[in-house]
Amino acid sequence: MYGMSSEISGSKDYLVKVHRFNKEVIVAICDKDLFGRVIKHKEIEIRIDKPFYGGIECDEAQAIELIRSATIINGIGRKSIKLLKKLKLVEKVIYVGKEKIPHAQVIFI
């Protein structure tokens, strides 16, 4: 479905949580090492915590499988955004916080 290269990482670098709301399947993916952090960006705080991002630890293949089920994707972190770019789902990202952490949203219409 989505394009990707043949190299797939087997380390569990991602946390992925799937939310279902009516007909929408929202996949929240973050770099595992960001979990528990609060990133301040302008007037907002992005909480990388259990209610939204606290799903299962995944390797790249598992994350791709869950991403393929999504109608909406919310990703944060260098590894997560790199994966979304590898799948050709993201071209443009914003960088949040002092550390300039990449963040992107994908909505399939």
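Values in this text are rule-based calculations from the coordinates and carry no lab data. Treat the numbers as computed from the prediction; the structure is a model and nothing was measured. When we count neighbours, we look across all protein chains shown, and the Cβ atoms used for this are built from the backbone with ideal geometry, even at glycine.
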Between the range 12-33 and the range 50-103, what is the C-alpha centre distance in whole Å?
-> 8
Reduced Cα scattering model of the chain, Debye log10 I(q)/I(0), q = 0.10, 0.12, 0.21 Å⁻¹ | -0.25, -0.36, -1.15
Report, ordered by chain and residue number, the lysines lying within cross-link reach of residue 98, taken as a straight Cα distance under 17 Å and ignoring same-chain residues fewer than 8 apart.
-> 40, 42
All other residues with a Cβ under 15 Å from the Cβ of residue 32 taken together, and with Lys, Arg as +1 and Asp, Glu as -1, what is their net charge?
-> 0
Just how large is the dipole of the range 14-107 about the Cα centre, in debye to the nearest 20, putting +1 at every Lys and Arg Cβ and -1 at every Asp and Glu Cβ?
-> 240
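Of the beta bridges DSSP finds with both residues in the chain, what % are antiparallel, to the nearest 5?
So the antiparallel bridges in the chain amount to around 80 percent.
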In nanometres, the difference between 0.36 nm per residue of separation and the alpha-carbon distance of residue 106 and residue 45 is 20.0 nm
Based on the mean of other Cβ atoms within 10 Å per residue, sort peptides 57-63, 24-30 so the most packed one is first.
-> 24-30, 57-63
As a check on your grasp of the helix formula, calculate [θ] at 222 nm for the chain: sum -39500 (n - 2.57) over DSSP H runs of n ≥ 4, divide by the residue count, round to the nearest 500.
-> -5000 deg cm²/dmol
Compute the FRET efficiency between residue 22 and residue 78 as 1/(1 + (r/R0)^6), taking r as their Cβ-Cβ distance and R0 = 35 Å, and round to the nearest 0.05.
-> 0.65
In the chain, taking the dipole from +1 charges on Lys and Arg beta carbons and -1 charges on Asp and Glu beta carbons about the Cα centre, the listed residue (66, 108, 96) farthest towards the positive end is 96
